[in-house]
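First the structure, in the form of structure tokens, and then the observations on it.
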Amino acid sequence: MPRPLIITMGDPAGIGPEIIIQAFARQRFADMSRPLVVAGDPEVLMRAAAACRFPARSVAPDFAAENAAALLVNDVRIEIRALSRLPPSSGAFGQPDASGGRAMADCIEWACAECLAGHAAGMVTAPINKEVLRAVGYAFPGHTELLTARCKVAETVMMLAGERLKVGLATTHCAYRDVPGRLTRDRILAALRIVAADLERYFGCARPRLAVAALNPHAGEGGLFGDEEHRLIGPAIDLARRSGIDAAGPFSADTLFWFAARGDYDAVLCMYHDQGLIPLKLLHFEDAVNITLGLPIIRTSVDHGTAYDLAGTGRANPASLVAAVRTAAIMARGKP
């Protein structure tokens, strides 16, 4: 049997458990040959099934392992690694707390360790609350930075992907005022190398065409609006091209994404978070996938937050989770 993909539950007070239940119960994974295991809390998932109005009951797990559990939801079987047993008072819908924060962190840690040990083919993460993660002792602003540290790699790239547009980020979660200080020629060059290598490695994209967005309006207008293009971004592109990477730019962001979305480029490297995510979510609000490139493991994620206002309503859309699981399966092709 192929190694499984692990889906982490995310924040138990958010919509993560509900979108997991919805995706399984609506048989969105019925055609997949690779097994799936949910790292989470059986009672939280049962509560999510009730919120989604699906019949659910505990059944014997298919595999013998510590903390193995299983649910039958709408006659669809969900294999679970029960990493927490939260009391009913913890993690109420829309009300995150420390117990739930520790549970979501334990899921991430276990899934990452299983992937590094070769026991799982990859991991797919449901949304977490970064503030709660920090409150329970994690000095990381999100999944990407935590997994970068756990995998002991120097550089990774957050990529958000849809069918029409893929964007990689040279900087991720930081204040806008800090972006220019975090950009360096070497960081931009490393990001281009990671994006080019992993598009080829995981998606069969031979010598991908990469466009690089400028930081400043009009690509700096010859230094009138900033010099990062001339001083940092342009030199990084030149070095990338010398090493055989098909990279072009820096292009003014106000027009670049139109050309990328029509298919002129395979991906765009953006200088900061919202520069890439605004056009990406305009095109792929419901089905975008967050991919961490540069890791020794496969990790994809939903491209949305915990949506506490929707938690408990049963109305959260599982499309991004379904896309994330299917993308991880594509990336794991050829793996046992």
Of Ala82, Ala196, Ala64, the one that fluctuates the most in a GNM where the chain has Cα springs shorter than 10 Å: Ala64
Arg85/Ile278 FRET efficiency (R0 56 Å; Cβ-Cβ; nearest 0.05): 0.90
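Taking the Cβ-Cβ separation of Arg315 and Asp75 as r and a Förster radius of 30 Å, what is the calculated FRET efficiency to the nearest 0.05?
Result of the calculation: an efficiency of 0.85.
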Within the chain, helix-based [θ] at 222 nm, where runs of 4 or more DSSP H residues each add -39,500 (n - 2.57), nearest 500: -10500 deg cm²/dmol
Centroid-to-centroid separation of segment 22-38 and segment 150-198 [C-alpha atoms, Å]: 31 Å
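Note down the magnitude of the dipole of the chain about its Cα centre, charges +1 on Lys and Arg C-beta and -1 on Asp and Glu C-beta and zero elsewhere, to the nearest 20 debye.
Around 620 debye, computed over the chain.
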Gyration tensor verdict on segment 13-70 (Cα atoms; rounded if a/c is under 1.5, prolate if a/b is larger than b/c, oblate otherwise): oblate
Relative exposure of Ile245, Ile78, judged by other C-beta atoms within 10 Å (fewest first): Ile245, Ile78
Stretch gain in nm, segment Val59-Ala30, where the contour uses 0.36 nm per residue and the Cα spacing is subtracted: 8.5 nm
Full-stretch length increase - Glu221, Tyr176 - with 0.36 nm per residue and alpha-carbon distance subtracted: 14.2 nm
GNM flexibility winner over the chain from Arg262, Arg193, Arg207 (Cα, springs under 10 Å): Arg262
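Could you tell me what fraction of 2.2 N^0.38 Å the Cα radius of gyration of the chain comes to, as a two-decimal ratio?
1.01
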Excluding exposed DSSP-loop GluC sites (Glu not before Pro) (at most 15 other C-beta within 10 Å), longest clean stretch of the chain: 164-285
Candidates Leu282, Leu183, Leu169, ranked by Gaussian network fluctuation over the chain, Cα under 10 Å, top entry: Leu282
Segment 241-281-segment 41-114 distance, computed between alpha-carbon centres (Å): 39 Å
Added length on full extension, which subtracts the Cα-Cα distance from 0.36 nm per residue, Gln95 to Arg134: 12.4 nm
Neighbour-limited loop hits for chymotrypsin sites (Phe, Trp or Tyr not before Pro), segment 236-336 (at most 16 other Cβ within 10 Å; DSSP other than H, G, I, E, B): Phe285, Tyr308
Cα-centre dipole for segment 155-294 with unit charges at Cβ (Lys and Arg positive, Asp and Glu negative), debye to 20: 280 debye
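Since every read-out is calculated from the coordinates, none of them should be taken as a lab result. This one's a predicted model, so the numbers in the text were calculated from it and none came from an experiment. Glycine also receives a Cβ, built like all others from the backbone with ideal geometry; neighbour counts cover every protein chain displayed.
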